[in-house]
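**Q** The following block contains the structure, expressed as structure tokens.
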Amino acid sequence: MKRERLLDKIRALLSKTTDNGCTEAEALAALDKARAMMDAYEITDTDLQLTKAEAAVLRSEPPGSRDPHNIKRYLCGAVAEFCDCKAWRGRDRGLVFCGLQSDAQFATWLLDNLALFVQGELVKHLTGNLTLRGERRFVINGFVAGCTGRISSRLQELTQQSKAAAAGNSRALVVTKAAAITATIEKAGIQLRSGRASSRRVDGASYRAGQSAGDRASFGRPVNGTAGMPRLGR
């Protein structure tokens, strides 16, 4: 196993904490495996720390990717913050993540899976719904807004909890990541601007149903690390 891939795998395991949405059993199992790998390959905590020389990467959606009901668009900001990345819509209207390789891979995997979750829950909500065609769009808008809004709120709460609980080394890593992301964005000549909030007519009951569905979403990183993660727009 190449050393960088090994380090990424151990970092992924160590990131599986209760603050990041894992159960205590999942977190303990991941920590046990990470420590076993560190001992077997003689990896130290220092080896796992990011250096200032590490660069961030730009990870874009494949051309022609679709985003039904703007689900990914509504989720990408909270996902990016949760994964220590920046996100924006590129010139071709596709989403772009900028972060260290393992973080950007996790962000794309998480966004794909959350979008699939929202779409699956939307199917359940629409099944048997007898709303007239003219009103059906408001039902869809309401459910998507409620579900993505609740998921985003949960991700932001977990992010704030992680920041509050971060130790000295963790804070140093966050600063290093931020510097790498800023350097990559500047090198690419990208200027980020705040997006405008959209106002859409929504069905209130569907919005509340979407919020309830958002409480069931899961945010855990796969324990096998970043290998094999799908690209954005799967």
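**Q** What are the pairs with Cβ atoms under 9 angstrom where one residue, in the stretch 22-47, is more than 18 Å from Phe219 (Cβ to Cβ) and the other, located anywhere, is surrounded by fewer than 11 Cβ atoms within 10 Å (Cβ to Cβ) and of a type outside the set (Lys, Arg)? Sequence gap at least six, or different chains.
**A** Met38/Thr44; Met38/Asp45; Tyr41/Met1
**Q** Another question about this same structure. Look through Arg208, Arg171, Arg154, Arg216 and report the one residue that is under 26 Å from Gln101 (Cβ atoms), modelled with pLDDT of 85 or more and of a type in the set (Lys, Arg).
**A** Arg154
**Q** Restricting the first residue to the stretch 112-134 and requiring it to be within 17 Å of Ser218 (Cβ to Cβ), which pairs with a second residue that is among the small types (Gly, Ala, Ser) meet a Cβ separation below 7 Å and a spacing of at least six or different chains?
**A** Pairs that qualify, where the first residue is within 17 Å of Ser218 (Cβ to Cβ) and the partner is among the small types (Gly, Ala, Ser), are Leu114/Ala217; Phe117/Ala217; Glu121/Ala213.
**Q** Take the stretch 81-102 and flag every residue that is basic (Lys, Arg) and part of a loop (DSSP other than H, G, I, E, B).
**A** Arg91, Arg93
**Q** Yes or no: the stretch 118-133 includes at least one residue that is part of a loop (DSSP other than H, G, I, E, B) and within 28 Å of Ile10 (Cβ to Cβ).
**A** Pass one, the stretch 118-133, residues part of a loop (DSSP other than H, G, I, E, B): 127-132.
From what's left, within 28 Å of Ile10 (Cβ to Cβ): none.
No, that holds for no residue.
**Q** Mind listing whichever residues of the stretch 41-80 are at pLDDT 90 or above and over 30 Å from Arg137 (Cα atoms)?
**A** Leu58, Arg59
**Q** Here is a further query. Are any of the residues in the stretch 137-146 closer than 27 Å to Leu14 by Cα and either exposed (fewer than 15 other Cβ atoms within 10 Å of the Cβ) or in contact (Cβ under 8 Å) with a residue 40 or more places away in the chain (or both)? Can you show your working first?
**A** Of the residues in the stretch 137-146, the ones closer than 27 Å to Leu14 by Cα are none.
No.
The values are calculated or read from the model by the stated rules, or taken from the named source; none is laboratory data. Please read these numbers as outputs of a predicted model, since none were measured by experiment. All Cβ positions, glycine included, derive from the backbone under ideal geometry; neighbour counts span all protein chains shown.
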